[in-house]
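Remarks on the structure that follows.
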Amino acid sequence: MAWAAAVIGIWTCVAPWVVAGDVAHARSITSNIITGAIATLLALALAARDRTDNSHRGTGPAARDRTMPGNL
């Protein structure tokens, strides 16, 4: 999911040129680039955090049983 958010952030950066062509104004371009860069950086940070968190989780049957609804 975080990788999809990173792609959306990158799309936000390039969308003014792809969609509007040369009609985009400096303010909208600046806004899209700042918003897209922040979204991309946050998504990549989340993806990196998820990747490191998954390495510490158990993957055996006991770990799967704890995550099943109704198994308390």
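Odds and ends about this structure:
- Boolean, ALA63 is at pLDDT 85 or above and open to solvent by less than 70 Å² (accessible area, probe 1.4 Å): no
- Residue check for ASP50: at pLDDT 65 or above and of a type in the set (D, E, K, R): yes
- Qualifying positions in region 20-47 - among the polar types (S, T, N, Q) and at pLDDT below 90: SER28
The values are calculated or read from the model by the stated rules, or taken from the named source; none is laboratory data. None of these values were measured; they are calculated from a predicted model. Areas reflect the complete protein model, heavy atoms only, side chains present, ligands, DNA and RNA absent. Shrake-Rupley method; radii C 1.70, N 1.55, O 1.52, S 1.80 Å.
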